[in-house]
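The values are calculated or read from the model by the stated rules, or taken from the named source; none is laboratory data. If you're wondering where the values come from, they're calculated on a predicted model, not measured in any experiment. Because the Cβ atoms are built from the backbone with ideal geometry, glycine has one as well, and the counts that use them run over all protein chains shown. For the accessible areas, the whole protein counts, side chains as well, though only heavy atoms, and no ligand, DNA or RNA atoms are used. Shrake-Rupley method; radii C 1.70, N 1.55, O 1.52, S 1.80 Å.
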Amino acid sequence: MELSRPDIEALRELLASPARKIVTLSHTNPDGDAVGSSLAWAEALRRAGHTVTCIVPNKYPYYLDWMAGIRDIVIFKHDDEQRAARAVEEADLIFCLDFHSLSRLDALSDVIAANTSARRILIDHHLNPTEPFDLSFSHPESSSTCYLIYRIIEALWGRQSISKSQAEVLYVGMMTDTGNFSFSFLTPDLFHAVAALVETGIDVPTIYNNVYNSFTEGRARLFGYVINRKMRILRRGTVAHMSLTEEEMRRYWFQQGDSEGFVNYPLTIKKMKMSAIFIEHHDFIRVSLRSRGDVDVNLFAGRYFNGGGHRNAAGGKSFEPMAQTIARFERAVDEFAAEGLL
């Protein structure tokens, strides 16, 4: 992955101006990559003399609570919405991290649209950005947005500028978005970046345990329930889907982030090519899709659920009841297979 030298110089010029008021944004249901890239980039910007407010649309998963600086993140749905709106209104620069469309911000998107004077900069690794940006670092070939942030910091200030706290949160994003370095653009340069982060003194086993071994009992029981009772296998063991209603999640004391990773589990089954999970929210159903090899769930999500993402990891939404959503998915799978795409 090569960063554009003119784009780096344009960013350097933007940040060389007198102290700026800056907002960083990330997507609804922020994950390790979204939170890690926001925190690391905010620390770099503050060190350069700028005032930074990190905003996310809703609560991040509880197993990220330990990350340095996370208590300063403004959660639009849970904090004072006026605080977020005021920060956006006053912003000179708005950085959009780990998403490619304002629709990924849900209700927060209206607040962002109201500020027409701030320069907007995209730093993201999803396919086909849908919004105009004043400056864009769009690299679908990057394994994570945290890796992109690492490369940008390296280009602007040198890798020696990366602190231990930045290295920890960048490592979280790189680790989680690659399935602990088991998929998604595992290039030599990525591992060179990881080596540089480790050289700051971060404790890799502790980071892993904080993220992957800090779930609640309710999450463990919910996982057992969804695999045993809700997983359905289609097309001779090559496609699986699962679903969770709001009532089922309440039964197991659901917290934000508890369903993270569930959709990946069916792909551990031999011959499995595609997996989906349907999570019921108050007014829609969130669709998460994963696949192996050449099965393009980005195409599938865009065609059937008005969504997108990556070739092997994508998502969308359904505004139909659960039964109809599942029926639509099963019909879509048959169509996809009939075209030789599955």
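The set of residues in the range 28-37 that are in contact with an Asp or Glu (Cβ under 6 Å, 6 or more places away or on another chain) and at pLDDT below 95 contains only THR28. Taken together, the residues in the range 22-47 that are over 19 Å from VAL111 (Cβ atoms) and without any contact (Cβ under 8 Å) to a residue 40 or more places away in the chain amount to 2.
Among the residues making up the range 64-76, a single one is touching a helix residue (DSSP H, G or I) at 6+ places or on another chain (Cβ under 9 Å) and open to solvent by 90 Å² or more (accessible area, probe 1.4 Å): ASP72.
Scanning the range 6-45 for residues that are outside any helix (DSSP H, G or I), aliphatic (A, V, I, L, M) and open to solvent by 10 Å² or more (accessible area, probe 1.4 Å) turns up just one, ALA19. Summed over the range 270-313, residues that are part of a strand (DSSP E or B), touching a Gly at 6+ places or on another chain (Cβ under 7 Å), open to solvent by 10 Å² or more (accessible area, probe 1.4 Å) and closer than 16 Å to LEU341 by Cβ total 1.
Restricted to the range 130-222, the set of helices (runs of 4 or more DSSP H) holding at least 3 residues that are surrounded by fewer than 19 Cβ atoms within 10 Å (Cβ to Cβ) and not basic (Lys, Arg) comprises 145-157, 188-198, 204-212. Quick test for you: out of ASP258, ASP296, pick the one residue that is among the charged types (D, E, K, R) and modelled with pLDDT of 95 or more. When all the criteria are applied, what remains is ASP296.
Listed by first and then second residue, the pairs with beta-carbon distance under 8 Å, at least 6 apart or on different chains, first residue in the range 250-277 and more than 16 Å from ALA314 (Cα to Cα) and of a type in the set (A, V, I, L, M), second assigned to a loop (DSSP other than H, G, I, E, B) and modelled with pLDDT under 95, are MET272/ARG292.
Name the residue that is farthest from SER26 (Cα to Cα), counting only residues in the range 46-61 that are open to solvent by less than 40 Å² (accessible area, probe 1.4 Å) and touching a Phe, Trp or Tyr at 6+ places or on another chain (Cβ under 9 Å). Among residues in the range 46-61 that are open to solvent by less than 40 Å² (accessible area, probe 1.4 Å) and touching a Phe, Trp or Tyr at 6+ places or on another chain (Cβ under 9 Å), the one farthest from SER26 (Cα to Cα) is VAL52. Inspection of the range 102-125 finds a residue satisfying the criterion of being at pLDDT 90 or above, touching a helix residue (DSSP H, G or I) at 6+ places or on another chain (Cβ under 7 Å) and in a loop (DSSP other than H, G, I, E, B). Considering the range 77-91 alone, what residues qualify as being surrounded by fewer than 15 Cβ atoms within 10 Å (Cβ to Cβ) and at pLDDT below 90? Hits for the range 77-91 are LYS77, HIS78, ASP79, ASP80, GLN82, ARG83. Against the list (1) closer than 24 Å to GLU154 by Cβ; (2) touching a residue at least 60 places away in the same chain (Cβ under 8 Å); (3) in a loop (DSSP other than H, G, I, E, B), the condition LYS59 fails is (1).
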